[in-house]
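Colleague: Please find one structure pasted underneath; my questions will follow.
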Amino acid sequence: MPSFPALSDSWFADAEFDASYGHTLSSLRAIAPIAAPGGFAERWQSWREQAKTMDAAPAVLSSETAHGRRVSVIEHAGVDGTRLRAWLVEPLSSPARVGVVHGHGYGGRGAVDLARVPDDAAAIFPVARGLPTLNAGIGAPEPQAEHVVAGIESTDSYVLGLCARDLWMAADALGTLVGSLPLYYVGESFGGGIGALALPWDDRFIGATLIVPSFGQYDERLAVQCLGSGETVRGYVAAHPEARDVLRLFDASSALGFARVPVRVEAALWDPYVPPQGQFGVANAARMLELAVLPAGHAGHPGLEKVTAEAIAGSRAHLARALRAAS
C-alpha cells in the first residue's frame with residue numbers, strides 16, 4: 001500500500017464538521033460493499049449489449065497542437081443519441097500503444113489534464129452530459145443539485161446510469177478515430193464513481209485508477225451529511241423513499257465487485273464532499289486492488305503537492321503494469 005503523510009487533526013480545525021466521520025483506516029477497510037441486488041449484472045450487461053448496437057459516429061470539430069500532442073474537440077453520440085462533445089488527444093511522433101478514457105469531477109472539465117496520460121497514449125476526455133464546459137445543459141440539467149437526481153424516477157433514465165453508459169460510447173469514439181487499443185480508465189470523484197459503474201461490463205478495459213470515487217456504498221452515504229452531491233441525494237431520498245430502489249442499480253461499490261481487471265483506488269481518510277466510508281466501500285469491492293490511502297480529499301492541506309505527485313506517479317505505474325499484463 002503506498003504511503004502518504006498522515007492526516008493531522010490540526011489541518012481542518014475550522015471545518016464545519018469532522019469529515020473523517022469518526023473513522024480510522026482500520027474501520028474504513030472493514031466497510032463492506034453493498035451486495036448487488038438480484039438482476040444487477042444482467043441489467044448492466046443488457047445496457048452494454050444495447051450500446052454495442054449504437055454508432056458513436058464521432059466527428060472532429062477542431063484540432064491544434066498543444067502540450068506536444070494533437071488536441072481535438074470532437075463530438076460523438078451518447079447512449080440515447082444525444083450528441084456530446086469531448087477532447088481527443090493523440091501523440092504526434094508515433095502510433096499510440098494504449099488508450100485512456102479520462103473522466104472528471106462534478107465541476108465538469110474546462111481543459112485536458114495530461115498528468116496521468118503517458119506520452120505514448122491516445123486519450124479521450126469525455127465531458128458528462130449536462131456538465132460544463134463542452135456539454136453544459138446538453139442531455140441533462142447543469143446545476144449539480146438538479147443533475148444528480150435527473151431521471152431518478154426510472155433506472156433507464158437516471159442520469160448517473162446514462163453518464164456511465166456514455167463512457168462506452170466515448171471509448172467507441174476513441175477507437176473509431178485512432179484505432180483499436182487496449183483501454184485504461186482514469187476518473188476522479190464523480191468520474192471515479194461512474195467509471196466504477198461502467199468498467200466491469202466493457203472488456204476493452206485492462207485496468208483503472210479511481211480517485212476519491214463517488215456513488216459508493218449508499219447505506220453509508222445516505223446516513224451522513226456532506227457538502228457534495230450526496231447531500232442532494234440524501235434529501236431527495238428522505239422525501240422520496242422509493243428512489244432508494246433505483247439507487248441500488250447505481251452503487252459503485254456493488255458494480256466494482258464484477259470487475260476482473262486491476263484497479264487502483266486512491267481513497268481519502270478525510271473528505272467533506274465524498275464521505276470516506278463511500279470511497280472505501282468502492283475500494284473494498286475491488287478483486288484486484290491497489291489501494292493508495294490519501295490523507296484528505298477535496299481539500300487543501302500541508303504536503304498536498306507531494307501527495308498529488310506521488311499519486312500521479314503511482315497511477316502511471318499502475319497503467320504500465322496493466323498494459324504489460326495484458327500484452
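The values are calculated or read from the model by the stated rules, or taken from the named source; none is laboratory data. All values reported here derive from a predicted model rather than from experimental measurement. Note that we place each Cβ from the backbone using ideal geometry, even for glycine, and neighbour counts take in every protein chain shown.
Colleague: Which condition does Val261 not pass, out of (1) in a helix (DSSP H, G or I); (2) touching a residue at least 40 places away in the same chain (Cβ under 8 Å); (3) surrounded by 17 or more Cβ atoms within 10 Å (Cβ to Cβ), if it passes all the others?
Modeller: Answer for Val261: the failing condition is (1).
Colleague: Moving to a separate point now. When the residues of the range 126-175 are filtered to those that are polar (S, T, N, Q) and not in a loop (DSSP other than H, G, I, E, B), which remaining residue is surrounded by the fewest Cβ atoms within 10 Å (Cβ to Cβ)?
Modeller: Once the filter is applied, the top-ranked residue is Thr133.
Colleague: Answer with yes or no whether Leu249 is in contact with a Ser or Thr (Cβ under 6 Å, 6 or more places away or on another chain), within 30 Å of Pro58 (Cβ to Cβ) and in a helix (DSSP H, G or I).
Modeller: It is true that Leu249 is in contact with a Ser or Thr (Cβ under 6 Å, 6 or more places away or on another chain), within 30 Å of Pro58 (Cβ to Cβ) and in a helix (DSSP H, G or I).
Colleague: Taking Ala115, is it under 19 Å from Leu319 (Cα atoms), in a strand (DSSP E or B) and small (Gly, Ala, Ser)?
Modeller: No.
Let's see how each residue does on (1) outside any loop (DSSP other than H, G, I, E, B); (2) at pLDDT below 95; (3) surrounded by fewer than 23 Cβ atoms within 10 Å (Cβ to Cβ):
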position	(1), (2), (3)
Gly207	yes, no, no
Thr232	yes, no, yes
Gly235	yes, no, yes
Arg244	yes, no, yes
Ser253	yes, no, no
Val265	yes, no, no
Asp271	no, no, no
Gln277	yes, no, no
Val282	yes, no, no
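Colleague: Here's something else I'd like to know. Go through Ala57, Ala35 for me and flag whichever is in a loop (DSSP other than H, G, I, E, B), touching a residue at least 12 places away in the same chain (Cβ under 8 Å), aliphatic (A, V, I, L, M) and at positive phi.
Modeller: Among Ala57, Ala35, only Ala57 is in a loop (DSSP other than H, G, I, E, B), touching a residue at least 12 places away in the same chain (Cβ under 8 Å), aliphatic (A, V, I, L, M) and at positive phi.
Colleague: Which residue pairs have Cβ atoms under 7 Å apart, sit 6 or more places apart or on different chains, and have a first residue in the range 115-144 that is modelled with pLDDT of 95 or more and a second that is polar (S, T, N, Q) and assigned to a loop (DSSP other than H, G, I, E, B)?
Modeller: Pairs that qualify, where the first residue is modelled with pLDDT of 95 or more and the partner is polar (S, T, N, Q) and assigned to a loop (DSSP other than H, G, I, E, B), are Asp120/Ser94; Val127/Asn135; Ala128/Asn135; Arg129/Thr82; Arg129/Asn135; Ile138/Thr82; Gly139/Thr82.
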